[in-house]
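The numbers here are math on the coordinates, done by the rules we state, and not lab data. Note that the coordinates shown come from a computational prediction; the quantities given were computed from them, not determined experimentally. A quick note on method: Cβ atoms are made from the backbone with ideal geometry, for glycine too, and the neighbour counts reach across all protein chains shown.
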Amino acid sequence: MESLIIAIPSENPGGLDAALGQHFGHCDIYTIVEARDGKILDVRTLPNVPHQQGGCMAPVNHLAGNGVKVLIAGGMGMRPLMGFQQVGVQVYHGSNAPSVGHAVRAFLMGSLPAFSTEFTCGGGH
């Protein structure tokens, strides 16, 4: 099975013990997790891009360009959600997780809900 690249908006310094950043487009940093067969293979961080360059689509394209296939986020508006769908990134709701590591493990166990319109919030990018 192929590895899966998961991005989680995080507070500095990132990593599995970091708190989730609640606004994916304005987070401090992304924690990038590579997983396969339900196991975490690698953890690294990826700096965010300036939000003003490209608006909501700048972080969407930044993550997709870095091989991300899954995003675990707290909230976002419809425009970035549709952008993620267009570039083939699946978005899951993980704002209740106490840390990035908890969110990733919940995703790997299949217990995070996929984002839908009920989870979006107009300015929550």
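For this structure, a couple of remarks:
- A simple rule links phi to the HN-Hα coupling: the Karplus curve 6.51 cos²θ - 1.76 cosθ + 1.60 with θ = phi - 60°, which for region 74-84 gives x, x, 6, x, 5, 4, x, 4, 5, x, 4 Hz, with x for Gly and Pro.
- When the Cα positions of SER3, GLN86, ASN48 are compared along the charge dipole of the chain, GLN86 comes out farthest toward the positive end, with charges on each C-beta of Lys, Arg, Asp and Glu.
- Förster radius 30 Å - calculated FRET efficiency between ARG79 and THR45, Cβ distance, rounded to 0.05: 0.70
- Amide H contacts under 5 Å for VAL91, placed H, 5+ residues apart: LEU71, PHE115
- Under the Karplus curve 6.51 cos²θ - 1.76 cosθ + 1.60, θ = phi - 60°, whole-Hz ³J(HN,Hα) for region 17-33, x wherever Gly or Pro sits: 8, 6, 6, 6, x, 7, 10, 4, x, 10, 5, 5, 7, 9, 8, 10, 10
- DSSP beta bridges in the chain [antiparallel fraction, %, rounded to 5]: 70
- The peptide list 66-72, 27-33, 42-48, put in order of mean Cβ contacts within 10 Å with the highest first, becomes 27-33, 66-72, 42-48.
- Working note: Debye formula, equal point scatterers on the alpha-carbon atoms of region 1-88, no solvent; log10 I(q)/I(0) at q = 0.14, 0.17, 0.19 Å⁻¹ is -0.44, -0.65, -0.81.
- Estimated from the Cβ-Cβ distance and a Förster radius of 22 angstrom, the FRET efficiency linking SER116 and HIS26 is about 0.50.
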